[in-house]
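Okay, structure first, notes after.
The values are calculated or read from the model by the stated rules, or taken from the named source; none is laboratory data. Quick caveat: nothing in here was measured; it's all calculated off a predicted structure. Here the Cβ positions follow ideal geometry from the backbone for every residue, glycine too, while neighbour counts run over all protein chains shown.
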Amino acid sequence: MNYRVQPSAQVDATAVIGDGSSVWDLAQIRERARLGEGCVVGRGAYVGTGVLIGDNVKIQNYALVYEPAELADGVFIGPSVVLTNDHNPRSVDPEGKQKRGDDWEAVGVQIAEGASLGARSVCVAPVRIGRWSMVAAGAVVTKDVPDFALVVGVPARAVGWVGRAGVRLVAREEEPGVWECPQTGALYRESPEGALAEVTAEPDARLP
């Protein structure tokens, strides 16, 4: 066994834990969940049935990742984040009978490579969180988040762009539509449709 599970954690026998991963005290990993290599699941965190998690993902203390969520490589889930799975939640049906698992259809949150969700943020499924985007602490996401977007508030709204380093990008005055990471020098170009894409991730690079 090339991973670490604390004695107080609950990991179902059908769950798959990748090499180098750690599952800390009181965490619960449900049936058929799959964690990649180098993941960290913090104290009291919950990973639902069949959830798919890539490599090098961090799920911080008391985060709740309900099925059928999918987390790509390098995702960060902050403390007490909630990924919901029911767009119209009810405890009972219209006749007052308690609903069971077969009485509703679960919808999931998809989080793309490198995205980060700040502490106590909530993603109301079904939504997609784009590559390398950042959701601010306490935000409530109710619609898809574009790649590299920085979203804040309730409901969450885009207020800028972030690069792979997680630092807010700065517009280059000499090159309209081009954004630069002040930490790495990486460049990004914004399309007329409002989407952002990497030009190059190399420090101090310039457009050809």
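Here are the numbers:
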read-out	value
Filtered residue count, the range 140-157, keeping only those that are more than 15 Å from the chain's Cα centre (by Cα) and assigned to a loop (DSSP other than H, G, I, E, B)	3
Of all residues making up the range 115-124, the number that are in a loop (DSSP other than H, G, I, E, B) and within 17 Å of ILE53 (Cα to Cα)	1
The range 159-207 - residue that is of a type in the set (Lys, Arg) and at pLDDT 90 or above and, of those, farthest from the chain's Cα centre (by Cα)	ARG172
Residue check for ARG128: assigned by TED's automatic domain parsing to the domain that holds PRO68 and either closer than 21 Å to TRP179 by Cα or part of a loop (DSSP other than H, G, I, E, B) (or both)	no
Complete set of residues in the range 163-189 that are assigned to a strand (DSSP E or B) and of a type in the set (Gly, Ala, Ser)	ALA171
Where a residue in the range 71-97 is assigned by TED's automatic domain parsing to the domain that holds TRP132 and farther than 22 Å from ALA115 by Cα and its partner, wherever it lies, is of a type in the set (Asp, Glu) and not in a loop (DSSP other than H, G, I, E, B), with Cβ under 7 Å and at least six apart	ASP93/ASP103
Tally of residues being surrounded by 16 or more Cβ atoms within 10 Å (Cβ to Cβ) and either among the small types (Gly, Ala, Ser) or not assigned by TED's automatic domain parsing to the domain that holds ASP55 (or both) across the range 1-42	10
Out of VAL145, VAL154, sole residue that is modelled with pLDDT of 95 or more, farther than 15 Å from ALA195 by Cβ and out of contact with any helix residue (DSSP H, G or I) (no Cβ under 6 Å at 6 or more places or on another chain)	VAL154
Checklist (1) part of a strand (DSSP E or B); (2) buried (at least 18 other Cβ atoms within 10 Å of the Cβ) applied to GLY160, failing item	(2)
Tally of residues being within 20 Å of HIS87 (Cβ to Cβ), surrounded by fewer than 19 Cβ atoms within 10 Å (Cβ to Cβ) and not charged (D, E, K, R) across the range 112-157	5
Residues located in the range 180-200, provided they are touching a residue at least 12 places away in the same chain (Cβ under 8 Å) and charged (D, E, K, R)	ARG189, GLU190, GLU198
Residues within the range 31-46 that are in a loop (DSSP other than H, G, I, E, B) and farther than 14 Å from ALA63 by Cβ, tallied	5
Sole exception among (1) outside any strand (DSSP E or B); (2) within 23 Å of GLY36 (Cα to Cα) for ALA137, by number	(2)
Count of the range 69-106 residues which are over 13 Å from the mean Cα position of the chain (by Cα) and buried (at least 18 other Cβ atoms within 10 Å of the Cβ)	2
